[in-house]
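Structure first, commentary second.
Derivation of every value follows stated rules applied to the coordinates shown; laboratory data play no part. Note that this is a predicted model, so its numbers are computed, not measured. When we count neighbours, we look across all protein chains shown, and the Cβ atoms used for this are built from the backbone with ideal geometry, even at glycine.
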Amino acid sequence: MITLTARLSPSALDTRRGVVRLHPEVLDALGLRAWDAVRLTGARVSAALAAASDAAPGVVLVDDVTLSNLGVAEGAEVVVAPVEVSAARSVTVAGSRLAATSLTPETLRMALTGKVLTVGDAVSLLPQDLAPPPGVDVSVTRRKLSNAIGMTWTNELLTITSAEPADGPVAVQPSTVVGWRDGARTGDAPPPAPVERAATPAPAADVADVAPVAEAVPVADLVGQQDAARRLGEWLDLTFSHPELLTRLGAAPRLAALVSGPEGVGKATFVRSVAHQAGATVVELAAPSIAVLEANATAERLASAIASASAPAVLLLTDVEALLPANDPPPVATVVLDALRAATAREGFALVVTSAHPEAVDPRLRVPELVDRELVLPLPDGVVRTDLLRVLLRDVPLESDVDLGAIADRTPGFVAADLVALRREAAVRSALRQRDAAEPHVAQQDLVGALDTVRPISMSTSDTLRTGGLTLDDVGDMVEVKQALTEAALWPLQYPDSFARLGVAPPRGLLLYGPPGCGKTFLVRALAGSGRLNVLSVKGAELMDKFVGESERAVRELFRRAAEAAPALVFLDEVDALAPRRGQSADSGVADRVVAALLTELDGVEPLRDVVVLGATNRPELVDPALLRPGRLERLVYVPPPDADARGEILRAAARNTPLGEDVDLTALAAELDGYSAADCAALVREAALTAMRESLAAVEVTGAHLAAARAAVRPSLDPAQLAALAAYAESRAT
């Protein structure tokens with residue numbers, strides 16, 4: 001066994017997959033091959049698959065879920081050792097209600113195949129496609145998961161509650177019996193769900209996909225949703241208690257409404273609570289769970305759910321876009337619409353559908369004679385998040401130092417489901433810290449520590465910028481650049497009242513430009529760490545797609561997710577590839593349409609609130625001028641190449657963990673590195689360390705001779721002609 005320092009893996013491919021990466025020398029020392037299993041011991045014992053990496057020999061790179069399973073923070077020591085993995089005879093898991101009601105045990109087994117599982121650990125549904133077992137088609141698994149529970153499957157976490165054999169880690173095999181904690185197993189018929197039924201219930205098999213109705217929370221606990229609750233309550237009261245009044249006034253006594261809002265905001269909980277207050281029975285049907293069935297089965301399940309309701313009743317159809325998509329609606333869509341139209345005509349019956357993407361719902365559902373009303377549940381702001389935390393933690397023993405307002409300030413973009421996950425993670429951390437305490441309490445450190453692993457549902461791990469704890473205070477020199485970034489990016493999000501008081505609109509965005517390797521992306525990471533913002537980072541070329549309309553859709557989706565995660569920063573790296581000058585490309589007009597979509601999102605009809613856009617490029621002259629006018633990326637900030645003082649700061653930061661000889665003078669060295677970028681300076685320190693290792697693998701320090709030899713290998717990358725052109729561009733903008 002070997003003791004290593006745990007670090008979060010920088011690769012998005014490893015996120016939530018139960019993979020650790022070790023230096024090849026460590027793999028050899030442990031007698032491991034790539035994708036062998038290892039036992040990890042931190043505050044608790046877990047297991048994962050090991051793969052090779054270019055990390056330092058004393059570091060183990062882990063994903064966020066594995067770090068949480070170990071119960072340690074980044075930087076803690078973890079003991080790594082080989083372990084034998086048994087083939088699981090059975091595995092039982094627990095998860096969210098949506099996953100438990102939508103995923104069949106067979107789909108669940110496919111998602112877990114190839115993973116190393118330990119009882120008590122959390123595990124994601126992401127298929128193990130980094131090294132899939134022979135014969136496993138992960139594309140089929142992905143499609144089934146997406147069809148069943150929508151895009152939230154990538155964020156879904158399950159808990160391994162039991163496994164057989166129970167002594168040590170296990171792996172799911174094709175013969176493994178996998179099931180949910182309620183008893184559903186692979187190969188078994190799905191059990192009838194506990195739903196409220198009419199006096200003559202439908203057969204159990206007909207309502208197997210009706211979701212169990214969770215206990216309704218009091219309407220008073222619907223923090224931030226009181227106005228919407230009052231309106232829906234009034235609609236239900238008129239429909240159920242005063243139908244004759246509506247008829248006398250010329251309105252049909254029917255109710256069909258759409259409740260929309262960000263994922264995890266609590267749409268289903270909202271409907272259950274208001275319906276319970278109105279005295280109505282709730283029959284809940286998860287649309288993704290019946291959308292994957294054959295057409296006849298889908299229609300039968302829907303008809304059974306409607307028939308099982310006794311007046312007054314509310315049929316709650318969640319995630320309706322999975323059943324009635326706007327693009328390529330299935331043939332059964334017409335039958336479903338007719339069934340819903342007939343149901344809403346019944347006396348004492350109301351239909352409420354929910355969707356996080358109302359634009360993706362078949363427009364035929366929202367015609368006047370069907371779903372003709374809509375309620376929007378907003379994203380919680382700081383005050384609402386504080387109240388939500390107070391409600392969620394009111395039965396939790398808290399230490400006196402807990403400041404819920406401070407936690408709310410550090411959770412921009414969090415919805416109710418995210419705060420529930422935060423409570424769970426804080427409880428786990430508190431339990432690990434107070435195993436033997438007579439009266440354990442959750443402290444501020446537990447809640448703050450939970451923020452390291454809990455992310456907003458609206459933020460994908462694939463395009464989230466990791467700050468690594470950086471702030472603008474960690475950036476040496478660049479005083480004017482840091483001030484411009486603070487004013488243009490942080491002030492609009494942190495002090496909106498000041499802009500309103502002075503009667504001006506805050507800047508919409510800014511453009512960072514300068515030579516390559518001079519720290520533009522580093523500045524953005526530091527800016528995100530200083531402002532504690534949600535940051536969506538996208539390379540310009542990533543949004544380009546050869547199919548007509550897909551690139552524009554990707555731009556719209558990016559800004560929609562940013563609005564849901566507000567306050568947020570959208571970072572467009574290499575923006576010249578995303579928004580080149582129009583009329584000069586030979587790509588059938590794709591780039592021109594993307595620029596138009598980007599301009600529309602920045603200052604279109606729908607205002608973009610609490611979102612700042614930041615672009616970066618080393619070719620500002622190639623960016624479309626329309627993007628740089630006031631109201632868009634109106635502030636242009638030049639990031640110059642580092643001078644001697646800045647190079648000295650960069651060298652000291654790069655060599656912070658490198659033992660240097662007494663003959664090393666970094667200040668003098670920095671003065672000699674004219675033309676070196678920040679990346680060149682960091683590469684120089686790295687090359688000097690490699691030079692010392694070439695001389696002796698037992699080297700304990702880097703000397704001046706090693707740095708001198710490294711200078712011969714690392715040449716300055718800054719192009720004088722490009723520097724002159726950028727300086728001239730900056731001067732022209734200034735004048």
Query raised in the report: Among 15, 600, 296, whose Cα lies farthest out toward the positive end of the dipole of the chain, if unit charges sit on the beta carbon of Lys, Arg (+1) and Asp, Glu (-1)?
Result: 296
**Report entry** Additional length obtainable on full extension of the chain from residue 97 to residue 722, 0.36 nm per residue less Cα span
**Finding:** 219.3 nm
Requested in this report: Please report how far the C-alpha centroid of the stretch 213-285 lies from that of the stretch 74-100, rounded to the nearest whole angstrom.
Outcome: 41 Å
**Report entry** residue 242-residue 629 pseudo-label distance in nm [points 7 Å out on the Cα-to-Cβ vector]
**Finding:** 5.2 nm
Report summary line: Long-range amide H partners of residue 634, meaning residues 5 or more apart or on another chain whose placed amide H is closer than 5 Å, are 508, 509
**Report entry** √(5λ) per eigenvalue of the Cα gyration tensor, the stretch 1-105, largest first, Å
**Finding:** 26, 16, 13
**Report entry** Relative packing of peptides 591-602, 254-265, 656-667 - highest average C-beta neighbours within 10 Å first
**Finding:** 254-265, 591-602, 656-667
Query raised in the report: So, with +1 on the Cβ of K and R and -1 on the Cβ of D and E, and no other charges, what is the size of the charge dipole of the stretch 644-717 about its Cα centre, to the nearest 20 debye?
Result: 280 debye
Query raised in the report: Residues with beta-carbon under 13 Å from that of residue 710, excluding residue 710: net charge, scoring Lys, Arg +1 and Asp, Glu -1?
Result: 0
Report summary line: Sorted by chain and number, the residues with a modelled amide H under 5 Å from that of residue 178, at a separation of 5 or more or across chains, are 91, 186
Query raised in the report: Just for the Cα atoms in the chain, what are the lengths along the principal axes, largest first, rounded to whole Å?
Result: 91, 67, 57
Query raised in the report: With a sphere of radius 15 Å drawn around the Cβ of residue 496, what net charge do the other residues whose Cβ falls strictly inside it have (Lys, Arg +1; Asp, Glu -1)?
Result: -2
Query raised in the report: Each residue of the stretch 24-36 in order: what ³J(HN,Hα) in whole Hz does its phi give by Karplus 6.51 cos²θ - 1.76 cosθ + 1.60, θ = phi - 60°, with x for Gly and Pro?
Result: x, 5, 5, 4, 5, 5, 8, x, 10, 9, 4, 6, 7
**Report entry** Dipole magnitude of the stretch 599-708 about its Cα centre (Cβ charges: Lys, Arg +1; Asp, Glu -1), debye to nearest 20
**Finding:** 280 debye
Query - Fewest-first ranking of 267, 144, 115, using other Cβ atoms within 10 Å as the exposure measure - result: 144, 115, 267
Report summary line: Charge tally for neighbours of residue 691 with beta carbon under 14 Å away, counting Lys, Arg as +1 and Asp, Glu as -1, is 0
**Report entry** Per-residue Cβ neighbour rank within 10 angstrom, fewest leading, 400, 90
**Finding:** 400, 90
Report task. Return the long-range amide H neighbours of residue 72 (sequence gap of 5 or more, or a different chain), with a cut-off of under 5 Å between placed amide H atoms. Result -> 43
Query raised in the report: What is the packing order of peptides 288-298, 79-89, 520-530, taking the mean over residues of other C-beta atoms within 10 Å and listing the highest first?
Result: 520-530, 288-298, 79-89
Query raised in the report: For residue 545 and residue 374, what is the calculated FRET efficiency with R₀ set at 35 Å and r taken between the beta-carbons, to the nearest 0.05?
Result: 0.70
Query - From phi via Karplus (6.51, -1.76, 1.60), per-residue ³J(HN,Hα) for the stretch 334-345 in Hz, x at Gly/Pro - result: 5, 5, 4, 5, 5, 5, 5, 5, 5, 5, 5, 7
Query raised in the report: Which shape class, rounded, prolate or oblate, goes with the stretch 644-717 when its Cα gyration tensor gives a ≥ b ≥ c as root eigenvalues, a/c under 1.5 marks rounded, and past that a/b bigger than b/c marks prolate?
Result: prolate
**Report entry** Positive dipole terminus of the chain, leading residue within 704, 648, 554 (C-beta point charges)
**Finding:** 554
Query - 3J(HN,Hα) from dihedral phi, the stretch 435-445, Karplus parametrisation 6.51/-1.76/1.60, rounded to Hz, x for glycine, proline - result: 4, 10, 6, 6, 10, x, 9, 8, 9, 4, 5
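Under a point-charge model restricted to the Cβ atoms of Lys and Arg (+1) and Asp and Glu (-1), what is the dipole moment magnitude of the chain relative to its Cα centre, in debye to the nearest 20?
1060 debye
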**Report entry** Residue list for the stretch 78-101, given a label point 7 angstrom along the Cα-to-Cβ vector of residue 119 and an amide N cut-off under 13 Å
**Finding:** 89-93
Query raised in the report: Where the centre of each part is set by its Cα atoms, how far does the stretch 354-384 sit from the stretch 304-347, in angstrom?
Result: 16 Å
